[in-house]
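**Q** Can you read through this structure? Questions will come right after.
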Amino acid sequence: MTTVTEPAPVTARDSPPERRRGRIVFWTAIVLVAVVLAVLTAVVQGSGGPDRRPLDPTSTTASGSAALVRVLEQRGTDVTITDDAARIDGGTVLVDDSDGVLDPEVADRIARSARHVVLVTITDSALEAFGIDAAPVAAVEGSDTVSTASCRIPAAASAGRVSTAGYAYTVDDPDADRCAPTGSGADRGWGLVRTDTPAGDVTLLGTTAAFRNDTVTTAGNAALALGLLGSEDRLTWYTPSVGSPGAAPTLGELAPPWVPGALALLALVAVAAGVWRGRRLGPLVVERMPVVVRAAETTEGRARMYARTRDRTHALDTLRIAAVRRIARLLGLPRSAHVDEVVRAAARVTGAPDTRVGAVLVGGTTDDDRALVAGTAALDDLERAVRRATAGQRPTTDHDRPGGRP
């Protein structure tokens, strides 16, 4: 007996017009969704402007510093807020490099021209440019305060006590003045660090809570802020940002002018390639193959493999699995039925004990050829008994009972 193998699938070069239009609409929708997401991302990032920047001198939010700027102006300090390093002209300079984009060359120029610099940063390049041998060790949160009465920084000493929230730094320079300690042991850090510059001095401000609108009046924060920023008649509040003069060039600015166009062209090529491949594949069609294969070839091949390796247990297990499926189908059980359900149902219709039916369908190891033949015969007897029982017939011989053979 021979059967013809299932026809092999092949692909058609052209797809129906409806399917082709569906693919075009699909890829067009993908491109539109990508464009919309890009626009939304740009809008969201653009909306996070000055109000989201910590210590924004024009913001009245909790994290801003508008209150400090207003008090400085009332005390006679001329405050200039800028993101252009060219507008810095001596005096006291607050460098708020919260974005970490300050160009080291600009930082070096400020250190050589400004008498007093207050620096807010956690980037190593800015710290090195100002000659501060320190590194950020941890972010400090909470509302704790610490005494600064014995600090060698005059503004901190006059404040007496300041908040510690902000950043803490480890300092390796033995000549640097340090105040506002937090932590202990290896985690010990300092919130204020002062060292000399070619033109004067620079104070690294980690206790940024002293400048915030919501905490500037806590303890001696206001005295610290006014002492650091109001010692001269002119204060330049410099906030470098991405793309501003004095900011370090970004990757996009360093790239050649033709790179954006090339990237856009590659994106269009990728989309076009996807549309082309989607149109070219088409639906699956059937092609009749002139090949005749014996239906039992796979079974015989496995049987020869089991015989060659003398794997009798595996061979009998294969027969048991097939018998369980056929018996379950005879009993009307679903394909998902467990073997225990099949054993109980077969025992119920044949009248044999559950243990005997289970020994036939599950059994154990098969040590020799005699056990293999006996197990196969028992499977045949059980299946024949189930078939007779489901057809309403009675067993005619002992061999027709499950496990009736010796």
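The values are calculated or read from the model by the stated rules, or taken from the named source; none is laboratory data. Nothing here was measured: the structure is a model prediction, and the numbers come from that model. Methodologically, a virtual Cβ is constructed for each residue, glycine included, from the backbone with ideal geometry; neighbour enumeration extends over all protein chains shown. Note: areas computed on protein heavy atoms with side chains; ligands, DNA, RNA excluded. Shrake-Rupley method; radii C 1.70, N 1.55, O 1.52, S 1.80 Å.
**Q** Quickly run through the range 147-159 and pick out the residues that are farther than 19 Å from residue 132 by Cβ and within 45 Å of the chain's Cα centre (by Cα).
**A** To start, the set of residues in the range 147-159 that are farther than 19 Å from residue 132 by Cβ comprises 147, 149-150, 157-159.
Passing the criteria: 147, 159.
**Q** Is at least one residue of the range 82-98 open to solvent by 60 Å² or more (accessible area, probe 1.4 Å), closer than 21 Å to residue 222 by Cβ and touching a residue at least 24 places away in the same chain (Cβ under 8 Å)?
**A** First, pick out the residues of the range 82-98 that are open to solvent by 60 Å² or more (accessible area, probe 1.4 Å): 83, 86-87, 89.
Keeping just the survivors that are closer than 21 Å to residue 222 by Cβ gives none.
No: zero hits.
**Q** Give the residue that is most open to solvent (accessible area, probe 1.4 Å), with candidates limited to residues of the range 182-210 that are over 13 Å from residue 153 (Cβ atoms) and in contact with a Pro (Cβ under 8 Å, 6 or more places away or on another chain). Even if it seems obvious, please write down each step before you answer.
**A** Within the range 182-210, the first condition is being over 13 Å from residue 153 (Cβ atoms), and the residues that meet it are 182-189, 197-200, 208-209.
The next check asks that each one be in contact with a Pro (Cβ under 8 Å, 6 or more places away or on another chain); those that pass are 188-189, 208.
Values: 188: 99, 189: 0, 208: 26 Å².
Here the answer is 188.
**Q** Can you tell me which residues in the range 51-70 are over 14 Å from residue 226 (Cα atoms) and assigned to a helix (DSSP H, G or I)?
**A** Matches in the range 51-70: 51, 52.
Residue by residue, here is whether (1) within 19 Å of residue 319 (Cβ to Cβ); (2) at pLDDT 90 or above; (3) part of a helix (DSSP H, G or I) holds:
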{"site": "337", "(1), (2), (3)": "yes, no, no"}
{"site": "343", "(1), (2), (3)": "yes, yes, yes"}
{"site": "358", "(1), (2), (3)": "yes, no, yes"}
{"site": "366", "(1), (2), (3)": "yes, no, no"}
{"site": "377", "(1), (2), (3)": "yes, yes, yes"}
{"site": "380", "(1), (2), (3)": "yes, yes, yes"}
{"site": "386", "(1), (2), (3)": "yes, yes, yes"}
{"site": "394", "(1), (2), (3)": "no, no, no"}
{"site": "402", "(1), (2), (3)": "yes, no, no"}
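**Q** Oh, and also: Looking at (1) more than 22 Å from residue 62 (Cβ to Cβ); (2) surrounded by 24 or more Cβ atoms within 10 Å (Cβ to Cβ); (3) touching a residue at least 40 places away in the same chain (Cβ under 8 Å), which one does residue 179 not meet, given that it meets all the others?
**A** (3)
**Q** Between residues in the range 310-332 that are over 18 Å from residue 299 (Cβ atoms) and residues that are open to solvent by 50 Å² or more (accessible area, probe 1.4 Å), which pairs lie under 7 Å by C-beta distance while being six or more apart or on different chains?
**A** 330/387; 330/390; 331/349; 331/390
Residue-by-condition table, conditions (1) in contact with a helix residue (DSSP H, G or I) (Cβ under 8 Å, 6 or more places away or on another chain); (2) within 18 Å of residue 55 (Cβ to Cβ); (3) open to solvent by 50 Å² or more (accessible area, probe 1.4 Å):
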site	(1), (2), (3)
122	no, yes, yes
128	yes, no, yes
139	no, yes, yes
149	yes, no, yes
158	yes, no, yes
172	no, no, yes
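**Q** A follow-up question, please. For residue 102, are the conditions met, namely being modelled with pLDDT of 70 or more, open to solvent by less than 80 Å² (accessible area, probe 1.4 Å) and either under 39 Å from the mean Cα position of the chain (by Cα) or more than 30 Å from residue 129 (Cα to Cα) (or both)? Write out each step before concluding.
**A** Numbers: modelled with pLDDT of 70 or more: yes; open to solvent by less than 80 Å² (accessible area, probe 1.4 Å): yes; either under 39 Å from the mean Cα position of the chain (by Cα) or more than 30 Å from residue 129 (Cα to Cα) (or both): yes.
Yes; evaluated as a whole, the condition is true for this residue.
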